[in-house]
Amino acid sequence: MASKATVRVHPDVRLHTVNANLYGHFAEHLGRCIYEGVWVGDHPKIAADDGIRRDTVEALRAVALPVLRWPGGCFADNYHWRDGIGPRAQRPRRHNLWWNQPETNQFGTDEFMRFCALIGTEPYLCTNVGSGTVQEASDWVEYCNSTQNTTLARLRAENGHAAPYNVRYWGIGNENWGCGGNMRPEYYADLYAQFATYLRGRGGDMKLIACGSHPGIPQWDERFLETLKGRLGLVDYVAIHIYSGHGSSDTDFTDDEYYRLVIDAVDGMDRHIRRVSGLTQTASGYGHEIGVILDEWGTWFREATTPTGLYQQNTMRDALWTAASFHCFHRHERLFMTNMAQTINVLQALVLTRGPELIVTPTFHVYEMFKPHRGGRLVASSVTSPSISTAEGRSTDAVSVSATVSEDGARLFASLVNLDLSAACEVALDAGADWRLRQARRLGCADVRDHNTFEAPKAVQPEALPADALRPDGTLSLPARSITTLEFEPVD
Ligand code: AHR
């Protein structure tokens, strides 16, 4: 039997803007993310434009990622950018330390910039603090952004790009509490200041991103910010990492493991983001605004190990968790960007490839369906809903809602998720009298373990709902395990 919920959306109660960069992503030299997923060189069977895989570009253009972080991850602090420029035949082969695989350097800065241009995304580069130098990082900025007649700017032109790339987002190291050098926060803070001074000195519109904590080391951020007192103007964002789902299998999981992900893990992210938002807000009190970025997040299941190149399947569980997570992110005014890990063939991927074949995942569909939220103004909403709970009794609302009004006021967009695995929900929706439904879509499934495979690539995909999905009396049925989006236009 269907349960009942009421949802009130208040389009006139406008809150903060949902930063488009919350829908960013992350691609690392790891497993088959870059090599095979993006770069195929002159592979005889995979269509490519000068080495960059065409079907990947086409798929990613559909989700229009606002920003893409590269080259890592742990790989970033093992990467020397000069290895990846110039004639490809002369580039050195190295050992990718953390992911135990060869690094051919066929895909480097200029290839990444071309990939970003092809998919219409803004680059975010992470510099090497763990095994690199201040000079190397500063030179990378010069190579990418300089407009002057310098040797590095001329080298960029010789490599095919006379115009500067104008890269805005620069990360200073990655996980420097772990793979990025096993540093103490105080030591990293001083190194950070040194790197940031020389990067900032290059001028231009540049945002500097510091390595922040994960929930297991909450003191990292306090100690980092405390050490930098008096130098906090060097920090634009603190970037935290949160992975979820450890121990569970990608497709062979229990209902309770699902509930733990959409209840406990979303709640855990919410609390950690709130904590770091508070700390950065206090630090901003010294006169320079510091925001929070979640530049690695997503599911990490037990199939994803170093030997498998962190490959895992992606089911409707991933999609439901992603939708619930975005609803949470929308509420965080001081969260400026998130970058799910990772775009292709690694962890919670948007796209999976097998040789020349490519499929998109249920998570891909959430990114695509939620596009209208980006850059919109969050509006107040309230929900009265039955609850779902874990075996231990922790609970949350079965129905999760987020609504935004586009900047020009011409569209109200609401996403409604029914997280319940078994009960459909009859929702009484009140969005006020000034809006009428323009279109509705749904991503649903027969089983939360449903996923796309190379044999059944469209097993999970969104469908358009008929115009009367929202009945004249304002009621709407939400099937169990489903994500519904409603787009409204103003009544003339
Ligand atoms: O995304 C996989 C790895 O997870 C990244 O390289 C690292 O930053 C994190 O530990």
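The values are calculated or read from the model by the stated rules, or taken from the named source; none is laboratory data. Remember, predicted model here, so these are calculated numbers, not experimental data. Cβ: placed from backbone, ideal geometry, glycine included. Neighbour counts: every protein chain shown.
Restricting the search to segment 116-137, which residues are buried (at least 19 other Cβ atoms within 10 Å of the Cβ) and out of contact with any strand residue (DSSP E or B) (no Cβ under 8 Å at 6 or more places or on another chain)?
Listed by number, the residues that qualify are Asn128, Gly130, Gly132.
Does segment 171-193 hold any residues that are on the phi < 0 side of the Ramachandran plot and within 16 Å of the ligand (Cβ to nearest atom), and which are they?
Once the filter is applied, which keeps residues that are on the phi < 0 side of the Ramachandran plot and within 16 Å of the ligand (Cβ to nearest atom), segment 171-193 yields Gly171, Ile172, Asn174, Asn176, Trp177, Gly178, Cys179, Gly180, Met183, Tyr188.
Quick check on segment 205-227. Is at least one of its residues on the phi > 0 side of the Ramachandran plot and touching a residue at least 12 places away in the same chain (Cβ under 8 Å)?
no
Restricting the search to segment 38-79, which residues are closer than 11 Å to Phe115 by Cα and of a type in the set (Val, Ile, Thr)?
Val38, Ile52, Thr56, Val57 - these are the residues of segment 38-79 that are closer than 11 Å to Phe115 by Cα and of a type in the set (Val, Ile, Thr).
Considering only residues that are more than 30 Å from Ala59 (Cα to Cα), touching a strand residue (DSSP E or B) at 6+ places or on another chain (Cβ under 7 Å) and of a type outside the set (Val, Ile, Thr), look in segment 368-396 and name the one that is surrounded by the fewest Cβ atoms within 10 Å (Cβ to Cβ).
Here the answer is Ser382.
Scanning segment 223-235 for residues that are in a loop (DSSP other than H, G, I, E, B) and crowded, with 21+ Cβ neighbours inside 10 Å, which turns out nearest to the ligand (Cβ to nearest atom)?
Going through the qualifying residues, I end up with Val235.
Exactly one condition in (1) within 17 Å of Glu489 (Cα to Cα); (2) of a type in the set (Gly, Ala, Ser); (3) part of a loop (DSSP other than H, G, I, E, B) is false for Ala391; which is it?
With respect to (1) within 17 Å of Glu489 (Cα to Cα); (2) of a type in the set (Gly, Ala, Ser); (3) part of a loop (DSSP other than H, G, I, E, B), Ala391 is out only on (1).
Kindly establish whether Arg61 is more than 21 Å from the chain's Cα centre (by Cα) and at pLDDT 95 or above.
Judged against the criteria, Arg61 is not a match.
Quick check on my filter: what residues within segment 69-93 are within 16 Å of the ligand (Cβ to nearest atom) and either aromatic (Phe, Trp, Tyr) or surrounded by fewer than 22 Cβ atoms within 10 Å (Cβ to Cβ) (or both)?
Trp70, Cys74, Phe75, Tyr79 - these are the residues of segment 69-93 that are within 16 Å of the ligand (Cβ to nearest atom) and either aromatic (Phe, Trp, Tyr) or surrounded by fewer than 22 Cβ atoms within 10 Å (Cβ to Cβ) (or both).
Looking at segment 99-115, is at least one residue within 24 Å of Leu191 (Cα to Cα), within 16 Å of the ligand (Cβ to nearest atom) and either touching a residue at least 12 places away in the same chain (Cβ under 8 Å) or surrounded by fewer than 16 Cβ atoms within 10 Å (Cβ to Cβ) (or both)?
No.
Is it true that some residue in segment 291-306 is buried (at least 21 other Cβ atoms within 10 Å of the Cβ), in a helix (DSSP H, G or I) and among the aromatic types (Phe, Trp, Tyr)?
Taking every residue of segment 291-306 in turn, none turns out to be buried (at least 21 other Cβ atoms within 10 Å of the Cβ), in a helix (DSSP H, G or I) and among the aromatic types (Phe, Trp, Tyr).
For residues in segment 330-360 being away from the ligand (no atom under 16 Å from the Cβ) and not in a strand (DSSP E or B), which is surrounded by the fewest Cβ atoms within 10 Å (Cβ to Cβ)?
Taking the candidates together, the pick is Gly355.
In the list Thr251, Thr315, Thr308, Thr299, which residue meets the criterion of being among the β-branched types (Val, Ile, Thr), more than 16 Å from the ligand (Cβ to nearest atom) and farther than 19 Å from Asn418 by Cα?
Going through Thr251, Thr315, Thr308, Thr299 in turn, the sole match is Thr251.
Go through segment 187-221 and report how many residues are closer than 17 Å to Gly132 by Cβ, modelled with pLDDT of 95 or more and either within 21 Å of the chain's Cα centre (by Cα) or not in a helix (DSSP H, G or I) (or both).
Matching residues across segment 187-221 total 4.
Kindly indicate whether any position in segment 50-60 is buried (at least 20 other Cβ atoms within 10 Å of the Cβ) and within 16 Å of the ligand (Cβ to nearest atom).
No, because not a single residue in segment 50-60 is buried (at least 20 other Cβ atoms within 10 Å of the Cβ) and within 16 Å of the ligand (Cβ to nearest atom).
Looking at (1) touching a helix residue (DSSP H, G or I) at 6+ places or on another chain (Cβ under 6 Å); (2) within 16 Å of the ligand (Cβ to nearest atom), which is the only condition Leu118 fails?
(2)
Specify the residue that is nearest to Ala239 (Cα to Cα); the eligible residues are those in segment 66-92 that are assigned to a loop (DSSP other than H, G, I, E, B) and more than 25 Å from the chain's Cα centre (by Cα).
Filtering segment 66-92 for residues that are assigned to a loop (DSSP other than H, G, I, E, B) and more than 25 Å from the chain's Cα centre (by Cα), the one nearest to Ala239 (Cα to Cα) comes out as Ile85.
Look at Arg411 and say whether it is touching a helix residue (DSSP H, G or I) at 6+ places or on another chain (Cβ under 9 Å), surrounded by 15 or more Cβ atoms within 10 Å (Cβ to Cβ) and farther than 27 Å from Arg317 by Cα.
The answer is yes for Arg411.
Here's a check for you: in segment 21-43, which residue that is within 12 Å of the ligand (Cβ to nearest atom) and aliphatic (A, V, I, L, M) is farthest from Pro66 (Cα to Cα)?
Here the residue is Leu30.
Considering only residues that are charged (D, E, K, R) and in a helix (DSSP H, G or I), which ones fall in segment 361-383?
Across segment 361-383, the qualifying residues are Glu368, Lys371.
Within segment 16-38, does at least one residue satisfy the condition of being modelled with pLDDT under 95, in a loop (DSSP other than H, G, I, E, B) and surrounded by fewer than 24 Cβ atoms within 10 Å (Cβ to Cβ)?
no
In segment 194-215, which residue that is surrounded by fewer than 18 Cβ atoms within 10 Å (Cβ to Cβ) and under 20 Å from Glu226 (Cα atoms) is nearest to the ligand (Cβ to nearest atom)?
For segment 194-215, the residue satisfying everything is His214.
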